[in-house]
Amino acid sequence: MTLLALSTVQCFAANYYVATNGNDTNPGTGTNAPWRTVQKAANTLTPGDVAFVRGGIYNESVTVNVSGNAAGGRVVFQNYPGEFPVLDGAGLTVPTADNGLFLLEDRAFVTIQGFELRNYAVNSNSKVPAGIYISGACHDLSILNNHIHHIANSNKNGAFGLAVYGTSTTQAITNLLVQGNELDHLQTGWSESLVLNGNVSGFEVSGNLVHDNNNIGIDFIGYEGTCADTNLDRARNGACRDNRVWNITSFGNPAYGNDYSADGIYCDGSTNIVIERNQVWAVDIGVELASEHAGRTTSDIIVRDNLISSNHTGGIFIGGYDTKRGRTENCRITHNTLYRNDTRLNGNGEFYLQFDTRSNLFTHNLLVANSQDLLIGNPFSQNSNNIVDWNVYFSPGGSNNVQWQWKNVSYTGFNAYRSATHNDSNSIFADPRLLDANGMNFHLATNSPAINSGDPAFSPAPGETDMDGQPRSSGGRVDIGADEFGGVVSQLEVKWLALNHVWLQMDGEPGHCFVWEQASTPSGNWQPVLTNWATNGEAEMSPASTSGSAFFRTRLVE
Ligand SMILES: [Ca+2]
Ligand SMILES: [Ca+2]
């Protein structure tokens, strides 16, 4: 007689392994019997499972056919700790349909972390290769710390580093985190390096490095018909912070010919996005807020505490590039530092208002013009209820020769501009005394006129900081530009070893007052280690113990 025991099936979250010496017929559950392909993991994982992918080159593209869920947990595809797996598209045929070295359609609770994705390339007017392509009814996806490069279409038809297409009319792509990735050496034709397009609501794009590509760095798009429901067809309700974007131009891109029109960060028809603490340099247009579609808007975008310098065509652009485009309204551009943009001397300047701009705010920005002495350009008269005030301006030609354009009228001299436009009644024209702007150190020097020159009524929004992540207002009154004076200017780790004491010296501008502080970790509880403020940048200290390490920093005080 056989006894049958009734039991419930228990599911346990499992770790799986993939290695270049593996076999997909292996169980995959130990490092001694790994799978061979990432695709095997992408067909097999169940909620809560992790696939650790060992270092080496995997010549495959992967379609993720599994999801996690809230109860069971995520499915995770990640590098084996300390190793570097590569999905290499060399020699693979790019399909005409949606594709990516990772392709996720209608997926949820998936993490992709720590992969190098490269060499997926075509010369095609019908194919669009992508490093990672996400579309449909997706939610709770995390794309972390991947390096995506050499994804290319030599044709104008396009390619993507990372594309998120919200195509569903019933499920917005939401709870999306794109963090710590590097995207470079992409040839994207008329497409973008990193794009969120259509029904995407609720996202963070942070800490990414985007550089050396031939079209737009980071783009938030609406009204392209990506989602069939027009009311949902716009990226919205997200944050774009702490990214660095550089060396991007559309010049020579087959879709743009000789145009220098690639944005570093672009909002085209999107709404309710915070763009903060990014650094954008040596792209065509630093940051642009516009709608390319007539009758549509880009609205309620906050652009704050960004560094925007040495871009080819201009610093910040708002409005449509011609009268057949839509408008930009209710955007708040505050506390940015714009330094010598429009390096091609195109007559655009640092801040450029194009067609149809309404009810935007431009305050607490610090602008330094280049040799063309142009701070604001505005060759359109469709400009209403925009507020421009509490800024610091500087130009090598001086306050009598500096240029502004406002509602298609040009002004020479700060006073002439102010009296005619009634803009900037509380603004300053003065050398802002940046610590080392040519060395891209845009901190304020001790005697900067931007210090404590902001609107006394200003109070920071929840979560708003300066470009260093430090309090946005200190010293009794807010500063102008991306830096709030009084922050950390240098930080170092000291290995105690057998040292009896340590001698610290700070290189900085003479005359600063600052205090030394110590912590056991960089994010630790910083404590002052000198009871007296040092004024010459030097300190001598004895360690609490002779093992481990400690972190020191100097912090400017006012
Ligand atoms: Ca201050
Ligand atoms: Ca600071």
Residues being assigned to a strand (DSSP E or B), buried (at least 24 other Cβ atoms within 10 Å of the Cβ) and not hydrophobic (A, V, I, L, M, F, W, C): count how many of those fall in the stretch 157-213.
6
Can you work out which of the residues in the stretch 460-479 that are under 22 Å from the mean Cα position of the chain (by Cα) and crowded, with 18+ Cβ neighbours inside 10 Å is farthest from Ile273 (Cα to Cα)?
Arg472
If you go through the stretch 238-258 one residue at a time, do you hit one that is buried (at least 24 other Cβ atoms within 10 Å of the Cβ) and either touching a Lys or Arg at 6+ places or on another chain (Cβ under 7 Å) or of a type in the set (D, E, K, R) (or both)?
no
Is it the case that the stretch 437-447 has a residue that's away from ligand 2 (no atom under 16 Å from the Cβ) and not in a loop (DSSP other than H, G, I, E, B)?
yes
Filtered residues of the stretch 525-534 (kept if modelled with pLDDT of 70 or more and either surrounded by 11 or more Cβ atoms within 10 Å (Cβ to Cβ) or more than 18 Å from Asp468 (Cα to Cα) (or both)):
Trp526, Gln527
Within the stretch 163-182, the residues that are more than 12 Å from Ser201 (Cα to Cα) and in contact with a Phe, Trp or Tyr (Cβ under 8 Å, 6 or more places away or on another chain) are Ala163, Val178
Residue set Leu367, Leu361; condition surrounded by fewer than 24 Cβ atoms within 10 Å (Cβ to Cβ) and of a type in the set (A, V, I, L, M); output residue Leu361
Kindly list the number of the only condition in (1) free of Cβ contacts under 8 Å to residues at least 60 places away in the same chain; (2) closer than 24 Å to Gln470 by Cα; (3) away from ligand 1 (no atom under 16 Å from the Cβ) that fails for Thr412.
(2)
Just one of the numbered conditions (1) under 21 Å from Asp184 (Cβ atoms); (2) assigned to a loop (DSSP other than H, G, I, E, B) is not true of Lys127; which one?
(1)
Can you find even one residue in the stretch 444-459 that is more than 16 Å from ligand 1 (Cβ to nearest atom) and not assigned by TED's automatic domain parsing to the domain that holds Asn243?
no
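The values are calculated or read from the model by the stated rules, or taken from the named source; none is laboratory data. Predicted model only: the values in this text are computed from it and were never measured. Methodologically, a virtual Cβ is constructed for each residue, glycine included, from the backbone with ideal geometry; neighbour enumeration extends over all protein chains shown.
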